[in-house]
Amino acid sequence: MPPLLELRNVKMYYNTSRGVVKAVDGVSFTLEKGEAMAIVGESGCGKSSLAFTIIKLLPKNVAEFSGEILFHDDGEVLEITKMSDDEIRRRVRWKKISMVFQASMNSLNPVLRVEDQLIEPLIHHQKLSREEAVKIAEEALYSVGLAKDLLARYPFELSGGMRQRVVLAMAIMMKPKLVILDEPTSALDVITQANIMNLLKDLKQKFNLSYILITHDIALASEIADKIGVMYAGKLAEIAMADVFFREPRHPYSQKLLAAIPTLREEKVIEHIPGDVPSLINPPPGCRFHPRCPYAIRGKCDVEEPVVKRVDGSNVACWLY
Ligand SMILES: Nc1ncnc2c1ncn2[C@@H]1O[C@H](COP(=O)(O)OP(=O)(O)O)[C@@H](O)[C@H]1O
Ligand code: SF4
Ligand SMILES: [Mg+2]
């Protein structure tokens, strides 16, 4: 069985007045059907850029977009990298792959009723009748635990958790196979966050959904992810199944990320990672993590880019292995 999604050496750079930002710089991974992969890493590592790249929502200032993004759809291969914007809109976005954008619950249009926000894309893009669209919207609301009378309400009348459920309803409405979730709970309080995570688990099971969950919160990732990808400065430093990863993170950056998680139950000294994520205009040569890495090998790590090695179930880009 081929994987659901395959990325091969994907790059996406931005043009800016200060130079070219290498936000996604040679990313490769596979995602299986029904699998949830979390992409974790600090802010500014290129996680959101990667999400936009996968559904080919590229901004005007894109400087480079290359590599291969393959979506395997019941025997057919959709080569996203080669499809026109129109084809992506007609065949892929929302129907095969949908996305919950970072902070999207706060970008619902405040003067449009929930009904109009949900059914407008169905009527305009999918050419459905109003009745068909309302029926689909009601079913989607039901799936996310909301009553259909919510359709008549305005976003400002809803709590944060309810708004996030509306956004999720939009994402699953067209029965996609993959949902990309960019920091889906970061604007919510912890209780609501837990409820939304439970909802995501239910939906995954019910519809055999695959997820790419983008988050800076590795503890959150641990709750749902089957697989973890650690992103640092535009590249994946490590990819491993979650059980392997949390038992034995291999990459020094992964180890630092895990050491920085506070726990309530154990006495633990919380470490912080010294230094900052580098600028992606002139990233450090060799291993991009070398200026912050306690194990950096001089003359090697600061010169040569590490190759990805398979180490006991993890794919890790580090010269220590
Ligand atoms: N539209 C854009 N134009 C230029 N640079 C951008 C744009 N969007 C993001 N960036 C830059 O790309 C890098 C990665 O950003 P982003 O993908 O948002 O990271 P993350 O989601 O991990 O915080 C950052 O340096 C950011 O400033
Ligand atoms: S390649 Fe070198 S600098 Fe990079 S993470 Fe490994 S040891 Fe550290
Ligand atoms: Mg982001």
Residue-averaged [θ]222 nm for the chain, counting only DSSP H segments that reach four residues, each worth -39500 (n - 2.57): -8000 deg cm²/dmol
Percent breakdown of C-alpha pair distances by 5 Å bin, ordered from the shortest bin, for the range 104-175: 3, 20, 32, 27, 14, 3, 0
Candidates Pro110, Pro306, Pro291: whichever shows maximal mean-square fluctuation once the chain is modelled as a Gaussian network with Cα springs under 10 Å: Pro110
Taking the range 137-296 and dividing mean pair separation by its residue count, relative contact order in percent (alpha carbons under 8 Å, at least six apart): 15
Most mobile of Glu305, Glu248, Glu131 in a GNM of the chain (Cα contacts under 10 Å): Glu131
Extended-chain gain in nm, criterion 0.36 nm per residue less alpha-carbon gap, Ser159 and Leu112: 15.3 nm
Global form of the range 209-278, assessed from the alpha-carbon gyration tensor, a/c cut-off 1.5: oblate
The range 116-133-the range 99-113 distance, computed between alpha-carbon centres (Å): 17
Ascending count of other beta-carbon atoms within 10 Å, so fewest first, for Ile136, Ile261, Ile212: Ile261, Ile136, Ile212
Net length gained if the chain between Val307 and Ser129 were fully extended (0.36 nm per residue, minus Cα distance): 58.8 nm
Gain in span if fully extended, Ser43 to Leu57, counting 0.36 nm per residue against the direct Cα distance: 3.0 nm
Pairwise label distance in nanometres, Ile297 with Asn282, each label 7 Å out on the Cα-Cβ vector: 2.7
Helix 130-143 vs. the chain, principal-axis angle (Cα, 0 to 90°, nearest 10): 50
Sorted by Cβ neighbour density within 10 Å, fewest at the top, the residues Leu78, Leu213, Leu58: Leu58, Leu78, Leu213
Rounded to whole Å, sorted largest first: equivalent-ellipsoid semi-axes of the chain, Cα gyration tensor: 35, 23, 18
Rounded to the nearest 20 debye, dipole of the chain from Cβ charges on Lys, Arg, Asp, Glu: 400
Among beta bridges that DSSP assigns inside the range 1-99, antiparallel share in %, nearest 5: 95
Ranked packing of 203-211, 49-57, 266-274, most packed first, by mean Cβ within 10 Å: 49-57, 203-211, 266-274
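Could you tell me the ratio Rg/Rh of the range 1-101? Both radii from Cα atoms, Rh via Kirkwood.
Ratio of gyration radius to Kirkwood radius for the range 1-101: 0.96.
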Cα-based reach from Lys177 at 13 Å (exclusive), listing aspartates and glutamates while leaving out same-chain residues under 8 positions away: Glu32, Glu35, Asp73, Asp74
Projected-area average for the range 72-199 over all orientations - Cα convex hull basis, square nanometres: 8.4
Shape of the range 236-321, Cα gyration tensor, a/c cut at 1.5: oblate
The range 140-254 - convex hull of the alpha-carbon atoms, volume per residue in Å³: 118
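Every number in this text was worked out from the coordinates using simple rules, so none of it is lab data. Bear in mind that the values here come from a model prediction, so they are computed numbers and not experimental data. In this analysis, Cβ positions are derived from the backbone assuming ideal geometry, glycine residues included, and neighbour counts consider all displayed protein chains.
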